[in-house]
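First comes the structure, then the notes that go with it.
The values are calculated or read from the model by the stated rules, or taken from the named source; none is laboratory data. None of the values given here were measured: they were computed from a predicted structure. Note that we place each Cβ from the backbone using ideal geometry, even for glycine, and neighbour counts take in every protein chain shown.
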Amino acid sequence: MKVAEYVNFDAVGLAELMARGEVAPDEVEAAARRAAYVVDAQINAVVETWPADNALTPRSTSPLAGVPFLIKDIAVFMAGRRMELGSRLAAGHTADVDSALMHRFRRAGLVTFGRTSTPEMAYSNTTEPVLYGATRNPWDTQRSAGGSSGGAGAAVAAGVVPIAHATDAAGSIRVPAAHNGLFGLKPTRARVSAGPHFDEVFNGLAVHGSVSRSVRDSAVLLDQIRGPEPGDPYVAPEPPRPYAQEVTRDPGALRIGVLAQAWGGHRTTPPVADALARTVRLLESLGHRVTEVGAEVDLGVDWDEFVLASARQWTANLTASIDELATAFSRPIDSTTLEPPVLASYAYGRGVTGPELVAALAVRNRVARTLAGHFTAYDVLLTPTTPDLPVPLGTHAEGAESLDGLGWLRRLLDHSPFTAPFNVSGTPAMSVPAPPDPTTGLPIGMQFASGYGLEGRLFRLAGQLEQASPWADRRPPVWAGSLAGAH
């Protein structure tokens, strides 16, 4: 299989070809490796590739069997492979066993041949770690691919794989999806187990998912990996039917509330506002009841209180993780192992008291209940995924040396103010590609959120939007299908 052929299929399409015997799995895998080779020198998205490990991938009748796959360099263990969290503190760490999620990826028949880049500790909106260098956006290599699943987003957008593992604690699936012209859905809290190695990541803020070029790929993968592990502290309600079936179902006429400006006051830029207006017109043409909302869709707390509580919750968790890593690897916690924003956040977290953390969790619950109330008036809330286009590389961390942990978290939330509240509430949210900015050609994403456990509603809407305004044929300048013939 030639790379130029390989990149024309989504994951489900590739699996169907292999199931019919039209192409052999090793040919598909070879095409994926070739795709990685030809694009990664330009985008630096794939940290490492590994030899085929087919002996440990069981034969599967899964709709993803044989599909090449990449995992993020954090939160998932693959036996005998490195997982370094994008940090010098964990450099060289090799897992002894598969994590539960890795078992699920194998059970789905996915052929995992490498890992994608992440910012240090996944603690940034852009993927520019000191350990492996900046990941570049395939639509403009001078700009960020987003974070923290920036490597996954860039690799999928450039055609290396049709779908890749991603995680999301404040927008880390949705922001890279938006910046790379992809689909990305953050599932409901506890939809995919994080245990047993990671328990509740950031007190339940972080979830596992994926970024993909088609809606059905994300739905099918979520079907393969959803569900609890024994001893999980809580579980999400079972969906009434597989998500793969939802993608082609009619969503009906939805009540959609549109929030054009973010809670924190970061004004939406004109290109993104224009894309939002076009999305509203498309939704109305499809029969949805769209209403502009404002201050009535609140968080239950003011923005400064939200940021402070988030900083305490995030940094307390981060500090515990760093202490554990430093002990495990006998390394110091200083500027030789950690970048300035993470080191400052570690210091801030050391000062968070027990009562302050409990108070922060109370804020989390207040936000969750407030947002849940809004989903009684609206079936879906629509916002831009981010208020800005992808930023130039190097700008996001300017002056970070002068920020403390609260200041760095404030900067992160200012970059993605629309996404983080839905991690706090635990409700599902997705980024759907909108038509790109006509001036720069850069991708823009629209975020849709719904009530707890209602991923099915979002998949139905996403499938409708994908049919009404297709994005599959949009190709970035760095695209494996066009570059493979020159190498």
Quiz item: Given the stretch 111-190, what strands (runs of 3 or more DSSP E) lie entirely inside it while holding 2 or more residues that are surrounded by fewer than 24 Cβ atoms within 10 Å (Cβ to Cβ) and at pLDDT below 95?
Solution: none
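Is it fair to say residue 193 is more than 30 Å from residue 359 (Cβ to Cβ) and among the small types (Gly, Ala, Ser)? Let's see the steps before the verdict.
Working: more than 30 Å from residue 359 (Cβ to Cβ): no; among the small types (Gly, Ala, Ser): yes.
For residue 193, the condition - more than 30 Å from residue 359 (Cβ to Cβ) and among the small types (Gly, Ala, Ser) - is not met.
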Quiz item: When only residues in the stretch 38-57 that are in a helix (DSSP H, G or I) and modelled with pLDDT of 95 or more count, which is nearest to the chain's Cα centre (by Cα)?
Solution: 43
Quiz prompt | Tally of residues being surrounded by fewer than 22 Cβ atoms within 10 Å (Cβ to Cβ), touching a residue at least 12 places away in the same chain (Cβ under 8 Å) and outside any helix (DSSP H, G or I) across the stretch 1-20 | solution = 5
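Can you pull out every residue in the stretch 390-408 that is within 18 Å of the chain's Cα centre (by Cα) and either crowded, with 23+ Cβ neighbours inside 10 Å or within 27 Å of residue 459 (Cβ to Cβ) (or both)? Steps first, please.
The first filter runs over the stretch 390-408 and keeps only residues within 18 Å of the chain's Cα centre (by Cα), leaving 390-391.
Residue satisfying the conditions is 390 alone.
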Self-check item: Criterion: touching a helix residue (DSSP H, G or I) at 6+ places or on another chain (Cβ under 6 Å) and surrounded by 20 or more Cβ atoms within 10 Å (Cβ to Cβ) - qualifying residue of 64, 101
Solution: 64
Quiz item: From the residues in the stretch 417-441 that are more than 15 Å from the chain's Cα centre (by Cα) and hydrophobic (A, V, I, L, M, F, W, C), which one is nearest to residue 174 (Cα to Cα)?
Solution: 434
Practice problem: Would you mind finding the one in 412, 465, 442 that is touching a residue at least 40 places away in the same chain (Cβ under 8 Å) and more than 30 Å from residue 31 (Cβ to Cβ)? | Solution: 412
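Let's see how each residue does on (1) of a type in the set (Ser, Thr, Tyr); (2) touching a residue at least 12 places away in the same chain (Cβ under 8 Å); (3) in a helix (DSSP H, G or I):
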| site | (1), (2), (3) |
| --- | --- |
| 316 | no, yes, yes |
| 319 | yes, yes, yes |
| 327 | yes, no, yes |
| 338 | no, yes, no |
| 352 | no, yes, no |
| 360 | no, yes, yes |
| 369 | no, yes, yes |
| 381 | no, yes, no |
| 396 | no, yes, no |
Self-check item: residue 96, sole failed condition from (1) in contact (Cβ under 8 Å) with a residue 24 or more places away in the chain; (2) surrounded by fewer than 20 Cβ atoms within 10 Å (Cβ to Cβ); (3) of a type outside the set (Ser, Thr, Tyr); (4) under 27 Å from residue 232 (Cβ atoms)
Solution: (1)
Quiz item: Would you pick out the residues in the stretch 223-273 that are free of Cβ contacts under 8 Å to residues at least 60 places away in the same chain, more than 30 Å from residue 62 (Cβ to Cβ) and not in a loop (DSSP other than H, G, I, E, B)?
Solution: 270
Quiz item: Of the residues that sit in the stretch 22-37 and are among the aliphatic types (A, V, I, L, M) and within 23 Å of the chain's Cα centre (by Cα), which one is nearest to residue 149 (Cα to Cα)?
Solution: 36
